[in-house]
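Only one structure is covered here, and it is reproduced in the block below.
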Amino acid sequence: MALFGGKDDKDKAEPAAVRPSERVESPPSPARKTQPARETRFQSPPPEVEKMANVGKSITIKGDISGDEDLLVEGKIEGKVELPEHQLTVGANGICEATVNAKTVIVTGRVAGDVTGIERVEIQASGIVDGDVRAPRLVVEEGAVLNGSISMTKKDGAQTSAKPQASPSASAPKPQASGGFATP
């Protein structure tokens, strides 16, 4: 019996598509394992992202901050930041009016205060640092602003003798502009 006065479905031939009763599902190939959607949907983030704290754009923190994980600042911090074993990243929207001491410091936003990087300080092209910088390695990209003094000392274990060795050329006569030699 047809609906709406049409012809019976019995008279029509089934299209070339496979009928639902004839569908054959192939078994999953051994090389490709399938997982239920529930397991893949709630995977934990990678370890490097998992241990990073964030200060969002609308957050302002006044006081001392210390911790045992990396910190990304997109908001504002006023005070002191101590992360001697971790990385501090001041994002493009971040403002850090603080004394900073971290293993690695990356500045894309603005820091007003002294910055100490135990291993490294990097000021990216959009970064601004108003304060003294101390680190054994310093990267300042073209366009970055650094207003303050720079002290680049090696780590304590890698320090060399404070006295420079006298070189043999120090006792040699020095040439003069006229081509002669000056006498000591």
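Computed from the coordinates by the stated procedures, all read-outs in this text should not be read as laboratory data. The structure presented is a predicted model; accordingly, all values stated were derived computationally and were not measured. Cβ: placed from backbone, ideal geometry, glycine included. Neighbour counts: every protein chain shown.
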>> Within region 83-107, name every residue whose backbone N is under 18 Å away from a label modeled 7 Å from Cα of K51 along the Cβ vector.
In response: 83-89, 102-106
>> Tell me the relative contact order for region 94-155 as a rounded percent, counting alpha carbon contacts under 8 Å between residues six or more apart.
In response: 27 percent
>> Can you compute the label reach from A125? Point 7 Å from Cα along the Cβ direction, backbone N cut-off under 18 Å, restricted to region 131-149.
In response: 139-146
> Remind me, relative contact order of region 47-147 in percent, using alpha carbon pairs under 8 angstrom and six or more residues apart?
Replying inline: 17 percent
> How compact and how long is region 59-126, expressed as Rg and Dmax of its alpha-carbon atoms in Å?
Replying inline: 10.3, 28
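Go through K57/K80; K51/K154; K103/K154; K76/K154 and tell me which ones have a Cα-Cα distance over 21 Å in this structure. Please report the intermediate quantities before stating the final value.
Numbers: K57/K80 19 Å; K51/K154 28 Å; K103/K154 14 Å; K76/K154 31 Å.
Table pairs above 21 Å Cα-Cα are K51/K154; K76/K154.
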